[in-house]
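These notes are about the structure you will find just below.
Readers should treat all values here as calculations from the given coordinates under stated rules, not as data from a laboratory. Since we're looking at a predicted model, the values are computed, not measured. Cβ placement follows ideal geometry from the backbone for every residue including glycine, while neighbour counts extend to all protein chains displayed.
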């Protein structure tokens, strides 16, 4: 069969996501998969039972486009408890088919041809393609090592009258860093009296360690009025495969978000929404996450303390970055592949999270795993 030669997508030079690449490599070589960010332990039995209950009770048809009323109300109550801020469940909260869909829909709703979007590197790899698909131009700001902090003077130099959106991510994937209160204050000051939209990816909001506090944009009134906040039930309830997320935004922004959302996915899984609403009634179902994952982080770090890998500070998420410069001079992609194929442990190299493929000899390892998985992984790392 002969195919026309000019049938290319709007992302002709885009390669497969590094997450898909490394997970496929791990499966092909029977390697311990600490690459893609998903737990290998069971989710809540109660949550499973509640989903089953609502399926049996007949909640199997389309949910309302914004999401079920019960779940939106439960989220509103949760945000008030967590941050002291009220979002109207009818006009300011929307349920989505995962956080990535929420991010794509938000970008599609507001970014037009030649609009500029500022993104911080290393950046979650879904941001820039979504901007480009919608005709926007990406401007990158590299965060400063060793703690991946933001130099706001660099941001100010990139801001122009075409800046439409700034995308932030805290806790940060892939580095595990946090945006602190002073950072938010500076962002608030810089965007005041502008039409810039803030898209705040906060999917790891409950995975914060060492007594630190999540600084959501919704805590800052001037930021909140221009911001869309993205959350994820997959991260909170260890169910990444369910692809359940949500968006918070003031009514004027949410109205525009919904205009696009209805044509992207329209409605999201009904029985799972009902079950999640039940579990959100008791904050004990998610308030233990910081301690739970801090124990995982510390356990993993303790296991590899005698290895030649050097930990990068991890303040949140369930990812631990390790500097391997004392182990190898290979670039991070080659080294990650060799670890997977020869040593049977898969990780994520950080260079794909940079526009210029910057290589700092750092790999990202997911520690949202059973203790026995982490023990096996650490034995390998300590032998390298």
**OP:** Find how many whole Å separate the alpha carbon centroid of region 53-93 from the alpha carbon centroid of region 311-384.
**Re:** 38 Å
**OP:** Please work out the FRET efficiency for the pair residue 62 and residue 194, using the Cβ-Cβ distance as r and a Förster radius of 51 Å; give the result to the nearest 0.05.
**Re:** 0.85
Original post:
In nm, to one decimal, how far is the modelled label at residue 384 from the one at residue 341, with both set 7 Å along Cα→Cβ?
Top reply: 1.5 nm
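Under the 0.36 nm per residue contour assumption, what length would be gained going from the current alpha-carbon distance of residue 375 and residue 160 to full extension? Numbers along the way, then the final one.
Values: separation 215, 0.36 × 215 = 77.40 nm, distance 4.97 nm.
Result for the pair: 72.4 nm of gain on full extension.
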Original post:
What Kirkwood hydrodynamic radius do you get for region 142-269 when you take the inverse of the mean 1/r over all pairs of distinct Cα atoms, in Å?
Top reply: 15.9 Å
Original post:
Using a Gaussian network model of the chain with C-alpha springs under 10 Å, which one of 57, 277, 239 is most mobile by mean-square fluctuation?
Top reply: 57
**OP:** Would you mind ranking 29, 214, 52 by Cβ crowding within 10 Å, fewest neighbours first?
**Re:** 52, 29, 214
Original post:
So how far, in whole Å, is the C-alpha centre of region 210-232 from the one of region 108-167?
Top reply: 18 Å
**OP:** Write down the percent of antiparallel bridges among all DSSP beta bridges whose residues are both part of the chain, to the nearest 5.
**Re:** 50 percent
Original post:
What nm distance separates the two modelled labels at residue 330 and residue 298, each placed 7 Å from Cα along Cα→Cβ?
Top reply: 3.4 nm
Original post:
Taking only the alpha-carbon positions of region 306-384 and ignoring solvent, what does the Debye formula give for the base-10 log of I(q)/I(0) at q = 0.20, 0.26 Å⁻¹?
Top reply: -0.90, -1.49
**OP:** Mind sorting out which of (i) 20.7; (ii) 19.6; (iii) 17.5 is the real mean projected area of the Cα convex hull in nm² computed from the coordinates?
**Re:** (i)
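Of the peptides 156-162, 280-286, 104-110, 247-253, how do they stack up when ordered by the mean number of other Cβ atoms within 10 Å, highest first?
104-110, 247-253, 280-286, 156-162
Pull out the extension gain between residue 112 and residue 281, defined as 0.36 nm times the separation in residues minus the alpha carbon to alpha carbon distance; nm, one decimal.
On the way: separation 169, 0.36 × 169 = 60.84 nm, distance 3.93 nm.
Working it through step by step, the gained length comes to 56.9 nm.
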